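For reference, the structure is listed below as structure tokens.
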Ligand code: MCA
Ligand code: AMP
């Protein structure tokens, strides 16, 4: 593994700085971003993001209405140039989730694409329209020397086992170091053209998928909406890398037998990368068989950004997440959470703990939750359980909390869905579990005791209720009605009994 020099220079996007300094130079004409049929070169991105950066520079914290559009990318780049923390909002979030995020993070402004209608939960916020006007005279980029690497760059909301989502405060230092570590592991350069259709309010789609190519001086083509036809088109028209969650690769694996053009396009790619959840070996093998190419996996978390990856120059082994990235310390610990597991035997299971410049700073305004997430000597407890092969490859075998569900690559806390279900008048008691699903990895299952057993609420009614309050990806896909929830002597719901119906 090559050593990584830690670049803590405050300039996150050297290619953008170069385009700004020399607007007629070749660097300014290189493509940066493309969403559907709209695109920006580096020169155009500098011209549109720099005046926006100047306008938000005095804001304490901004929210970004993170639709899958050029505007979102421009807004986040502008915030980073200005050194102002940005909170990306899921535009499909329901009223109670949005209300929580806005009151918790207290932004002073919300940035949204011109013409977008914002929901009532954002009505109290001052709105700034993102107007992509590349003809406007470019303002000077804010001096990069003014930004401390520890300055919060993004606040990304992530679910825990109970209660509403917490804001993970991600400093500039973590973004720069994780992206540079991935560049080393993947031989990722400015010549790469990335294609993806991930949402832009999480680490995967936004930091890796938008800021990653921009930091390298390369380009990204966003599909706006994930479809295998879009993947085939872009990879056959010059894109070199694909990022996706396992559900997307599962859909690719399902489509491949009837789509030779997709197989041909994937075979040309330099790198196919999966992450956010485990990609089942069956899907790995189906894709390898149809294309001759192996998908590689990387493992990360909102709080840690990226921890490990199969390297481009390493052996692409299905079912593993590869080796620790340069600069990342990784250990497995025994049940006590502090004794390190020394074995590299492919068998001894321990909790993954990590330390390094890729880590977040804190959960916003939650010192207790932050303290609980770390050991006394500064290791972050991921809650993921793994073994290590003799050559250091990490294989994730499960996770500590049964109350965390990964569905479609989204992390969802059972507790927040239970709370939402209990707000429905037809629900007396509720418990939520995840069960295996070939497409989503896990599907959300609600077990409810209806208020009126004669007319229990239907699955559609409860799905709509949760989607409207929280977000559509948090909606239950299956609902079971029970007379009572199984409880132990202490009155605690025994979820393991529920999964074995
Ligand atoms: C259906 N829909 C509904 C309802 N039923 N909407 C409201 N109420 C209902 N009752 C709508 C959905 O909103 C959606 O609308 C459509 O029906 C289909 O929804 P669904 O089947 O749920 O999903 P999908 O659209 O097929 O999505 C699959 C997906 C998605 C594309 C794979 O799950 C996805 O984008 N996942 C990515 C998650 C991710 O980025 N995770 C990263 C976090 P419409 O069709 O209009 O959309 S993890 C991370 O960042 C860490 C650091 C890491 O390691 O990466
Ligand atoms: P999130 O908090 O939404 O960022 O999700 C982080 C979690 O996703 C991790 O703690 C892991 O459980 C899971 N995860 C991410 N990448 C992988 C992967 N390649 N394989 C298995 N699990 C993964």
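Brief remarks follow.
- Ratio Rg/Rh, restricted to region 411-485 and using Cα atoms, in which Rh is the Kirkwood radius: 0.94
- When the alpha carbon gyration tensor of region 296-344 is reduced to an equivalent ellipsoid, its three semi-axes come out at 21, 14, 10 angstrom, largest first.
- With Cα atoms, 0 to 90° folded angle of helix 246-255 axis to the chain main axis: 90
- The share of C-alpha pairs in region 180-261 whose separation exceeds 21 Å stands at 27 percent.
- Considering only beta bridges that DSSP places wholly inside region 333-492, some 85 percent are antiparallel.
- Computed from the C-beta positions of residue 492 and residue 114, the FRET efficiency with R₀ = 45 Å rounds to 0.35.
- Calculated FRET value between residue 187 and residue 129, using beta carbons and R₀ = 41 Å, to 0.05: 0.55
- Restricting attention to the chain, close to 60% of DSSP beta bridges with both partner residues there are antiparallel.
- Computed from Cα positions, the angle between helix 172-186 and the longest principal axis of the chain comes to roughly 90 degrees.
- Stokes-Einstein, applied to the Kirkwood radius of region 376-459 over Cα pairs at a viscosity of 1.002 mPa s and 20 °C, places its translational diffusion at 141 µm² s⁻¹.
- MRE, 222 nm, helices only [DSSP H, n ≥ 4, -39500 (n - 2.57), over the chain, to nearest 500]: -8000 deg cm²/dmol
- Gain on full extension, evaluated as 0.36 nm per residue between residue 254 and residue 344 minus their Cα-Cα distance, stands at 28.9 nm.
- Computed from the C-beta positions of residue 29 and residue 449, the FRET efficiency with R₀ = 45 Å rounds to 0.10.
- Among 481, 284, 100, the ranking by other beta carbons within 10 Å of each residue's beta carbon, starting with the fewest, stands as 481, 100, 284.
- Taking every Cα-Cα distance in region 202-349 and sorting them into 5 Å bins from zero, the calculated P(r) comes out as 2, 9, 17, 21, 20, 14, 8, 5, 4, 1, 0 percent.
- Between the C-alpha center of region 64-96 and that of region 240-283 there is a gap of 28 Å.
- Each 10 Å bin from 0 upward holds the following percent of the Cα-Cα pairs of the chain: 4, 19, 29, 28, 15, 4, 1, 0.
- Viscosity 1.567 mPa s, temperature 4 °C, Stokes-Einstein D of region 251-328 from Kirkwood C-alpha radius, µm²/s: 99
- Exposure proxy order (Cβ contacts within 10 Å, fewest to most) of 361, 72, 291: 361, 291, 72
- DSSP-defined beta bridges in region 1-107 - what % are antiparallel, rounded to 5: 50
- As computed over region 25-89, the Cα convex hull volume per residue (Å³): 70
- The peptide list 418-425, 14-21, put in order of mean Cβ contacts within 10 Å with the highest first, becomes 14-21, 418-425.
- The ranking of 474, 411, 492 by Cβ neighbour count inside 10 Å, starting from the fewest, reads 492, 411, 474.
- In region 344-501, one over the average inverse separation of all distinct C-alpha pairs is 17.8 Å, which is the Kirkwood hydrodynamic radius.
- Principal-axis tilt of helix 70-82 within the chain, Cα atoms, nearest 10 degrees: 70
Read the figures in this text as sums done on the coordinates, not as results from a lab. Quick caveat: nothing in here was measured; it's all calculated off a predicted structure. Reconstructed Cβ throughout: ideal geometry from the backbone, glycine too, with neighbour counts over all protein chains shown.
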